[in-house]
Each structure stands twice: as C-alpha cells, then as structure tokens.
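The values are calculated or read from the model by the stated rules, or taken from the named source; none is laboratory data. Computed from a predicted model, the values in this text were never measured in an experiment. For neighbour counting, all protein chains shown are included, and Cβ atoms are generated from backbone atoms with ideal geometry for every residue, glycine included.
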Amino acid sequence: MTHGDDIGLMLPPNLAPVQVMIVPIWKKPNEKEGVLNAASSVREILQTSGIKVKVDDSEQRTPGWKFNFWEMKGVPLRIEIGPRDVSSGSVVVSRRDIPGKQGKEFGISMESSTLVAYIKGKLDEVQSSLLEGARSFRDSNIVDVVSYNELKEAIAQGKWARGPWSASDKDELKVKEETGATIRCFPFEQPTGPKKCLMTGNPADEVAIFARSY
C-alpha cells in the first residue's frame, strides 16, 4: 500500500472522512471542563471553515491509546489540547505522515483565523507530500522492458514491467502462469514512435504495465 506504513493507514486529506482528530487531555477533575470547552470551540471553528473534524472525548481510553488508534486509522492531523494549552490559548498539532517529534508543532494559536489558516495549510502540505511520495514510489518501481526475458527479470525483482504489448490473451495467460504477473493497466500517456511487442515482436500500438497483485 502506497499510503501506509507499519503503524497503519496514511489517508490523503482530500479523501479522508476525518481530516482532523482533536484529543483533549486532562488528569485532574477540575481541568476537564476547561479542556473540553476548548476542544469544542476548536471543533466549531474548524467545522465552520469546512474542515472535517471530530473530538475524541471518550474517557475509557488513555490519550496515548487514542493517538495510536487514530494514527492507525490514517487521520491526517491530530490536535492535542491540555490544561497548559488552554491557559496559553494554543494547541499542539501532529502530522500523520511525519511520525514522532518531527511531525509535531507546539503553540499554534486558537484564534480562529490563525488556526484555520494553519490547519488548511498543513492539510495541503500533507496532501502534496503523500502525492509526491506516491509518484516517487511508482516511478522508482517501474522498469522499461523490450523483451519477455527482461519482463521476467523485472517481475522477479518485485518491480513493475512496462513494455510494448500487442500479444494475445493466451500470451498474457502464459505471462501469468510463468511470472505471477498480469497486465495492470495501459497508461493514458503512451510513448510515440514505432514499437515491437515484447512477447511476439509484432508491431504494437501501446505499452502495458505488468505486475503481481497482492
């Protein structure tokens, strides 16, 4: 899976059903109301601006458990609000695509226009980062081939083989039986100029991409 790691999913913000998860944090009973009120206020600010946001205010799980759970679900951004954040009028924001402290920023103002601009900017950054990463992964794993032997070698290395194709369904079945790969697609953008089918040597109008499915 391109948008994922050992933790779980990494959903592009444009596709995520929840773009921001707010996790309120408190330890003492007298901290609860202020933290929850701040979380509710932040949620309303973001919802009003069109951002898909939820608050996980359940008390059955620890904040650490919630962090791990929503990271596994692939929510692009997490907002943490604790008593100190309430006092300073700020929040902590963590990016799903950058794990650990590197993806966390402190002291983001709760002021509505500042917060909305910051969150929208971060969502755009995550979207662009995931798209760039997916394209880089795709391009680095495609091998151009001009013969069946080259296709078999590319597939054996776990790559995707791209080459001219005009052979029959029977030939494609042979490829599947011998390599485990099938035609995944015919790219919209096709190279120009004369081409010869990698299997038969006959003229080919298109290139196809072969790969194994998992």
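Looking at the stretch 189-202, is at least one residue of a type outside the set (A, V, I, L, M, F, W, C) and assigned to a strand (DSSP E or B)?
yes
Filtering the stretch 76-121 down to residues that are charged (D, E, K, R) and in a strand (DSSP E or B), which residue is nearest to the chain's Cα centre (by Cα)?
Arg95
Just wondering, is there one or more residues in the stretch 46-58 that are among the hydroxyl-bearing types (Ser, Thr, Tyr), assigned by TED's automatic domain parsing to the domain that holds Pro99, over 23 Å from Gly103 (Cβ atoms) and part of a helix (DSSP H, G or I)?
So far as the stretch 46-58 goes, yes, one or more of its residues are among the hydroxyl-bearing types (Ser, Thr, Tyr), assigned by TED's automatic domain parsing to the domain that holds Pro99, over 23 Å from Gly103 (Cβ atoms) and part of a helix (DSSP H, G or I).
In this structure, is Ile81 modelled with pLDDT of 95 or more, surrounded by 15 or more Cβ atoms within 10 Å (Cβ to Cβ) and under 27 Å from Leu130 (Cα atoms)?
Here the answer is yes, as Ile81 does meet what is asked.
Among the numbered criteria (1) within 17 Å of Ile119 (Cβ to Cβ); (2) in contact (Cβ under 8 Å) with a residue 12 or more places away in the chain, which single criterion is violated by Gln47?
With respect to (1) within 17 Å of Ile119 (Cβ to Cβ); (2) in contact (Cβ under 8 Å) with a residue 12 or more places away in the chain, Gln47 is out only on (2).
Return the residue satisfying two criteria in turn: it lies in the stretch 166-188 and is part of a loop (DSSP other than H, G, I, E, B) and free of Cβ contacts under 8 Å to residues at least 40 places away in the same chain, and of such residues it is farthest from Asp144 (Cα to Cα).
Within the stretch 166-188, the match that is farthest from Asp144 (Cα to Cα) is Ser168.
Does Leu115 satisfy the condition of being touching a helix residue (DSSP H, G or I) at 6+ places or on another chain (Cβ under 8 Å), under 30 Å from Ser94 (Cα atoms) and touching a residue at least 12 places away in the same chain (Cβ under 8 Å)?
Answer is yes for this residue.
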